[in-house]
Amino acid sequence: MSDKDNITGSRTTMRSMDSSAPIGSKVEYDGRDLTAMFAVSLALMERSVGVINRLNVFPVPDGDTGVNMFLTLNDIVARAQELDSASAGTASQEMASAGLLAGRGNSGVILSQFFQGIAECLADRPTFGTTEMAAAFLRATVRAYSAIGHPREGTILTVIRAVGESARSASSGNMTDMFNIVCDAAYDAVARTPSMLDVLRQAGFVDAGGYGLYVILEGMRSHLKGDGSEARVMAPPNPDSSDRSPGEVPEEFLDEIDAEEYGFCTQFLVQGDSLDVDSIKSTLNEIGQSSVVIGDAQMVRVHVHAVDPEPIMEFGKGLGEVSHVAVQDMDEQRRMYSIQRRAELGGGTAAAPASVIAIAWGKGLEAVFTENGASSVLRGGDTMNPSVGQILAAVEDAPTTDVVLLPNNSNILTAANQAVELSSKNLAVVPSVTIPQGIAALLEFRSEIGLERNVSQMAGRLSDVRTGEVCRATRAVEMDGVDVKEDQIIGLVDGSLIVADADPGQVLTQVVEGGLVEDSEIVTVFWGDLVMEAEAAKVVDELLAKHPGVEFEIMDGGQPHYHYLVSIE
């Protein structure tokens with residue numbers, strides 16, 4: 001088990017985000033209080049993602065529950081923080097709307113319904129107290145159960161119901177007292193889930209989604225205490241009282257799931273007119289399993305399992321405009337899960353195929369990456385750095401468990417490394433800081449040789465390529481001995497400024513010649529949206545005539561902010 005999956009002792013801890021006086025004894029709370037509660041929950045959830053992932057065996061053992069809940073909650077909190085409303089009704093409604101759009105996977109979609117129930121009870125209310133909070137949790141229970149085609153006990157639903165019932169019984173006290181009781185009830189409900197669901201009992205696990213909800217509630221309680229003390233998060237209960245660590249699966253369970261067939265998990269968002277949520281749910285119950293349908297007459301989110309995803313998608317397209325589509329092969333997920341867990345039991349490592357995700361911006365550059373083996377390209381670069389959540393979502397949607405990430409920008413490296421800590425997948429970052437480095441590294445990728453060898457070989461190519469950049473200066477500056485006037489065209493080689501001029505073609509020439517070394521063999525010039533192909537071709541022809549021993553290639557990169565990007569090998 002990796003460090004990111006460990007819980008030290010019997011609980012993991014973090015500092016409350018609010019070190020001011022305790023607020024748990026207040027009578028009324030507003031929208032900012034609600035947002036702050038869930039902000040602490042998000043921080044606590046981030047710490048617990050790895051543990052929650054390893055608990056996941058239902059409805060399919062694919063280890064993504066923690067990530068899905070974290071990504072869903074991340075978008076919910078971000079929307080509320082951006083709004084910064086003092087109105088409890090407004091804040092809760094924005095959270096619910098964000099949850100509908102952000103809900104990922106079975107657990108994330110159900111979590112979004114938890115927020116929908118809260119919003120319905122706090123609608124039009126500027127503040128709320130324990131009575132309203134208890135009513136909101138009870139309404140969340142109704143919402144969560146109604147979203148599921150065939151609700152099953154022993155899941156997050158059981159925990160949500162325990163939360164609502166315990167909150168109602170404790171609503172006469174102050175908010176902190178109520179959450180003390182709610183959190184204990186949630187944890188007890190998590191501990192009971194294996195007695196209600198055979199797959200959990202056989203695996204010796206508690207329900208991952210239910211435990212994730214418990215973590216969220218502990219975050220809310222931590223904020224209410226407001227005394228700077230550490231948040232209590234008890235480790236997942238061990239149902240069989242064995243010495244196994246959380247997430248350590250018995251071999252007998254792996255033998256059993258190897259015979260199972262799960263099909264495909266299909267998710268999408270559909271927008272239309274007069275959508276009938278109940279009718280949609282009924283149809284999906286007939287053509288699929290594990291269906292979760294939420295939304296309203298204008299927008300519906302669908303999550304369903306089926307042997308063939310095509311009829312599901314055709315049905316969705318008949319309802320309206322379909323977006324946010326994700327189709328995942330659960331049998332492949334189960335196969336990779338089994339390989340990895342068997343390797344862990346045997347003290348080895350799983351030999352598995354890998355895939356690559358690259359970050360780039362520009363139609364041509366994106367095509368270069370996909371045509372040379374990247375499974376997907378996440379749009380990003382200078383002025384548009386993808387967030388940790390966006391990177392994590394792309395990684396979780398990758399077709400393999402082992403994933404290589406090419407950030408291709410120094411400003412994205414930090415977010416990429418954070419994604420490694422959160423991902424349910426075996427994610428490795430090859431630290432490419434330029435597009436040419438990323439392309440050179442990708443050319444070394446071979447899916448069948450596994451993650452470790454790929455990372456070693458790809459990283460070994462980074463120093464073999466030099467990068468040239470031609471772009472416009474946004475301000476006057478003196479750097480590396482070069483005086484630059486505002487709006488001049490500047491040229492850089494491996495990040496060092498070497499020239500400033502009015503003519504992009506002249507700058508490109510000096511960049512190429514400044515980057516060439518004795519053993520340079522190939523120069524590839526990617527022209528961007530700021531220049532015409534004929535202009536770029538003219539400069540490259542002149543360079544070819546001056547350097548006949550070097551092979552020159554010219555390609556349409558389509559990058560938005562750079563006149564030219566140059567790869568010199």
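Observations on the structure shown:
- When every Cα-Cα distance of the chain is counted in 10 angstrom steps from zero, the calculated P(r) takes the values 4, 16, 24, 22, 17, 11, 5, 1, 0 percent.
- Positive-end residue, the chain charge dipole about Cα centroid, Cβ charges, pick of Leu516, Phe128, Gly505: Phe128
- Under the criterion of Cα pairs below 8 Å and six or more residues apart, the relative contact order for the chain equals 11 percent.
- Taking the average, over residues, of other Cβ atoms within 10 Å as the packing measure, peptides 211-223, 316-328 rank 211-223, 316-328 from highest down.
- The angle separating the long axis of helix 105-122 from the principal Cα axis of greatest extent in the chain is about 60 degrees.
- Taking Cα centre as origin and charging only the Cβ of basic (Lys, Arg, +1) and acidic (Asp, Glu, -1) residues, the dipole magnitude of the chain rounds to 1980 debye.
- Packing-based ranking, highest mean first, of 41-53, 496-508, 386-398 given that Cβ atoms within 10 Å are counted: 41-53, 386-398, 496-508
- Value at 222 nm in deg cm²/dmol, rounded to 500, when DSSP H runs of n ≥ 4 in the chain each add -39,500 (n - 2.57): -15500 deg cm²/dmol
- Sequence-separation-based contact order of the range 264-335, relative, with Cα cut under 8 Å and 6+ spacing, percent: 47
- In terms of other Cβ atoms within 10 Å, Ile522, Ile118 run from fewest to most in the order Ile522, Ile118.
- Counting DSSP beta bridges with both ends in the chain, the antiparallel % (nearest 5): 70
- Least to most buried among Trp527, Trp361 (fewest other Cβ within 10 Å first): Trp361, Trp527
- For a straight C-alpha distance cut-off of 19 angstrom, the lysines reachable from Lys546 (same-chain residues fewer than eight places away being disregarded) are Lys538.
- Listed by Cβ neighbour count within 10 Å, with the fewest neighbours leading, Ser432, Ser274, Ser376 appear as Ser274, Ser376, Ser432.
- Here Lys225 is the anchor, and the lysines within straight C-alpha reach of less than 24 Å, apart from those fewer than 8 places off in the same chain, are Lys26.
- Here the range 524-546 and the range 172-200 have alpha carbon centers that stand 66 Å from each other.
FYI, it's all coordinate maths here, none of it is from the lab. These figures come from a predicted structure and were not determined experimentally. Cβ coordinates were reconstructed from backbone atoms using ideal geometry, including for glycine residues, and neighbour counts include every protein chain displayed.
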